[in-house]
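This report concerns only the one structure given below.
Please treat every number below as a calculation from the coordinates, not as lab data. In this text, all values refer to a predicted model and were calculated from it rather than measured experimentally. Glycine also receives a Cβ, built like all others from the backbone with ideal geometry; neighbour counts cover every protein chain displayed.
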Amino acid sequence: MITDIRLQKFRSYSDDSFEIDPGVNIIVGPNASGKTNLLEAVLVLARGSSYRAKDVEMVQFGSPWARLDAHTPSQTRVVKIKTDPTITKTFEIDEQTFFRLSQIKNLPTVLFEPNHLSLLSGPPELRRGFMDELIEQTEPGYASVFRHYRRVLAQRNALLKLSPKDLKEQLFVWNIRLSELGGKIARERSTIIAKLSDRANDLYSSLSGDTKKITVLYDTRFNIGSYETELLHKLESNTHLDMLRGFTAYGPHRDDIKILIDGHDASEVASRGELRTLVLMLKLTELQLIEQARNTKPLLLLDDVFSELDTKRRQALTSYVAGYQTFITTTDADVVVHHFTSSNIIPLAAK
């Protein structure tokens, strides 16, 4: 829980401070008033990075630095971003400095923003990102495994583009490492999706009043139990095709999530309303799984999603966020306020 926040040279904020309520905080203002910037600052303080920008883009134009300060009931948290002479970002927690926030040092957070409403109808990378962010917040060490996988994948792809004569020999060591890391990622994803699927049916039913059976699957072409072996074989046998493509066509970076409604692919048979209910179900399950794994209630950040949901889904979301420290951005307070018996209004003016 955050009790206050100060933003200096961050985005549109030169030097502004806000008191934060332990319950619902409604950030109200017209477009370009800094609502999403404030929400972004909370996320950076909690988890160390933005969901929409590089570090340098968060520093106010013309300034060589930006700084965020916040307090929790037991902690002081500071983020410093410097752009001169090089771009650096540091974190200070109770005056100890870190260059990256490990899982144990971050504040568990769930973000729900308008782009998430196309989670099921959009490209697979959105769903892979959903899985990976959830696992990073529930499984220590996963972020490091994922970073290593990305580096090995980039190295293999670079070799494919160079096409040296002894390519197969050079690729072999990278194929082995990619398969080892890929297997770890696939097993973690399969495990978290199984946990999510266990909750999906009851939660979807409570949100929609519908009795349709919901199943969530990790969609991969390899068996989870033998993922490393099967992936290695595929990488070795498809070297020529990968050279022609110029990229690696197999591995967890190509896997997906599949959601079934009564046994049918939701992306093909679900209505717009059903897809939005399924997305809401995924985000609320994310909230529950993180709370269970971390034994603490996550911060909930809702960036202008109330206006995207109909009354029924707003009411459903409202009933589930009770008890969580919540930040909601909106251009129209009336859309949000009457759903909560008490809330802290943070008014912002156009900048």
Using the Cβ atoms and a cut-off under 9 Å, what net charge is assigned to the surroundings of Leu38, where Lys and Arg are +1 and Asp and Glu are -1? 0
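What is the percent of Cα-Cα separations in the chain that go past 30 Å?
Values: 27231 of 61425 pairs.
The calculated P(r) of the chain puts 44 percent of pairs beyond 30 Å.
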Could you bin all the Cα-Cα distances of the stretch 202-293 into 10 Å bins starting at 0 and give me the percent of pairs in each, rounded to whole numbers? 14, 33, 25, 21, 7, 0
Placing +1 on each Lys and Arg Cβ and -1 on each Asp and Glu Cβ in the stretch 209-351, then taking the dipole about the Cα centre, the residue among Leu289, Ser307, Asn344 whose Cα reaches farthest towards the positive end is Asn344
Overall dimensions of the stretch 286-351 by Cα: Rg and Dmax, Å: 13.0, 40
Express the relative contact order of the stretch 211-268 as a whole percentage, based on alpha carbon pairs under 8 Å and six or more residues apart in sequence. 56
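Could you work out the mean projected area of the convex hull around the alpha carbons of the stretch 107-265, in square nanometres to one decimal?
Details: hull surface 43.0 nm².
About 10.8 nm², averaged over all directions.
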Within the chain: Cβ-based charge dipole about Cα centre, in debye rounded to nearest 20 (Lys, Arg +1; Asp, Glu -1): 820
To the nearest 20 debye, the stretch 248-298 has a Cα-centred charge dipole, built from +1 on Lys and Arg Cβ and -1 on Asp and Glu Cβ, of 280
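With N set to the number of residues, divide the alpha-carbon radius of gyration of the stretch 88-188 by 2.2 N^0.38 Å and report two decimals. Don't jump to the answer; show the numbers that get you there.
Working: Rg = 17.5 Å, N = 101, 2.2 N^0.38 = 12.7 Å.
Cα Rg divided by the expected 2.2 N^0.38 Å: 1.37.
With n ≥ 4 as the cut-off for DSSP H runs, can you work out [θ] at 222 nm for the chain, using -39500 (n - 2.57) per run divided by the number of residues, rounded to the nearest 500? Walk me through the numbers on the way to the answer.
Numbers: 10 runs with 152 residues, N = 351.
Calculated at 222 nm, the ellipticity per residue is -14000 deg cm²/dmol.
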For Cα pairs less than 8 Å apart in space and 6+ apart in sequence, what is the mean separation divided by the residue count of the stretch 219-349, i.e. the relative contact order in percent? 16
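Taking Rh as the Kirkwood radius computed over C-alpha pairs, what is the Stokes-Einstein D of the stretch 235-351 at 25 °C in a medium of viscosity 0.890 mPa s, expressed in µm² per second?
137
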Apply the Karplus parameterisation 6.51 cos²θ - 1.76 cosθ + 1.60, with θ equal to phi minus 60°, to every residue of the stretch 238-254 and state each ³J(HN,Hα) to the nearest whole Hz, in sequence, with x for glycine and proline. 10, 4, 4, 5, 5, 5, 5, 6, x, 7, 7, 8, 10, x, x, 6, 10
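Lys and Arg at +1, Asp and Glu at -1: add these up for the other residues within a Cβ distance under 13 Å of Leu167 and post the number. Walk me through the intermediate numbers first.
Details: positive: Arg156, Lys161, Lys165, Lys168; negative: Asp166, Glu169, Glu236, Asp242.
Charge balance in the 13 Å sphere: 0.
Using the beta-carbon distance between Glu236 and Asp4 and R0 = 56 Å, what value does 1/(1 + (r/R0)^6) give for FRET efficiency, to the nearest 0.05? Could the numbers behind the result be given before it?
Values: r = 56 Å, r/R0 = 1.00.
After rounding to 0.05, the efficiency reads 0.50.
How high is the FRET efficiency from Leu217 to Ser14, r the C-beta distance, R0 41 Å, rounded to 0.05? The partial results should precede the final answer.
Values: r = 49 Å, r/R0 = 1.19.
Efficiency for this residue pair is about 0.25.
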Over the chain, calculate the relative contact order: mean separation of alpha carbon pairs under 8 Å at least 6 apart, over the residue count, as a percent. 27
How far is helix 311-321 tilted, in degrees, relative to the longest principal axis of the Cα atoms in the chain, given as a value from 0 to 90 rounded to the nearest 10? 90
At 0.890 mPa s and 25 °C, plugging the Kirkwood radius over alpha-carbon pairs of the stretch 1-92 into Stokes-Einstein gives what diffusion coefficient in µm²/s? 183
So if I place +1 on the C-beta of Lys and Arg and -1 on the C-beta of Asp and Glu, and nothing else carries charge, what would the dipole magnitude of the stretch 1-98 be about its Cα centre? I want it in debye, nearest 20. 380
Using only Cα atoms and rounding to the nearest 10 degrees, what angle (0 to 90) does helix 142-162 make with the longest principal axis of the chain? 50
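Count the lysine pairs in the stretch 115-212 whose Cα atoms sit under 27 Å apart, keeping only pairs 8 or more residues apart in sequence or on different chains. Working shown, then result.
Details: Lys161/Lys184; Lys168/Lys184; Lys184/Lys195; Lys195/Lys212.
Pairs that pass both the separation and distance tests number 4.
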Volume per residue of the C-alpha convex hull in the stretch 77-127, rounded to whole Å³: 140
Rounded tilt (10° steps) of 124-138 against the dominant C-alpha axis of the chain: 70
For the chain, set up a GNM with springs between Cα atoms under 10 Å and report which of Val279, Val269, Val42 has the largest fluctuation. Val269
With Cβ to Cβ distances under 12 Å as the rule, what net charge do the other residues near Lys213 carry (K, R +1; D, E -1)? -2
